[in-house]
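The values are calculated or read from the model by the stated rules, or taken from the named source; none is laboratory data. Owing to the predicted nature of the structure, the values given are computational and were not obtained by experimental measurement. Reconstructed Cβ throughout: ideal geometry from the backbone, glycine too, with neighbour counts over all protein chains shown.
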Amino acid sequence: MTNYKEIVTKAVIGKGKRTIKKSYNLTPEQTPDTILGCWVINNRFSGSENNGSVGVNGSFDVNVWYSYDHDSKTAVSTKNFTYNDNMKMHTLDNTKLDSDSEIIVRSLKQPTVVDVKINNGAVDMDIETDLGIEIVGNTKIRVPIEDEFEDYETIEDDDTVEDKIESEVNTDYLE
């Protein structure tokens, strides 16, 4: 009969990814005529348990390079944006997401500006990013064990081995 042991261990109990697309706006000091470039830097984020779901809090800086004064001068305007997102994650085998769970958030695709427009002197941007989320928590594994399994070899003293050899020698062999 096979017996089982339960091993309690940490494992990934939930995993998912999400594409987040949000609109932001920035008002530069001068009224822009043309957007020459727009990029996102310094993306920082973390995840935490939030009433049974995963909360992701983060921030990034957006730099907008633009021309003004009838396209005769250029400037760069920078602004820091924060974001908060709540995601309902499903866990495996009906395990629960709780405060003991470890939440790992990874950027699968860095935030990028997918659309930018000038709107009444302000710069409107759509920024998109992909986040991967893993929930690590306690789980149990069931493994079969063998009864009466002995994996140690018996070690004999040298004196015992010599006595055993002498007792097995057939003295009448040559006759």
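Annotations
- Of all residues in region 55-75, exactly one satisfies the criterion of being within 14 Å of E29 (Cβ to Cβ) and in a loop (DSSP other than H, G, I, E, B), namely D69.
- Residues (of a type in the set (D, E, K, R) and either over 17 Å from the mean Cα position of the chain (by Cα) or under 19 Å from E128 (Cα atoms) (or both)) located in region 62-97: D69, D71, K73, K79, D85, D93, K96
- Candidate set from region 19-37 (those that are among the hydroxyl-bearing types (S, T, Y) and either closer than 30 Å to K88 by Cβ or part of a strand (DSSP E or B) (or both)); member that is farthest from the chain's Cα centre (by Cα): T34
- Qualifying position, being over 30 Å from I145 (Cα atoms) and touching an Asp or Glu at 6+ places or on another chain (Cβ under 8 Å), among T19, T31: T19
- Close Cβ contacts (under 7 Å, 6 or more residues apart or on different chains) running from residues in region 124-150 that are at pLDDT below 85 to residues that are aromatic (F, W, Y) comprise I145/Y4.
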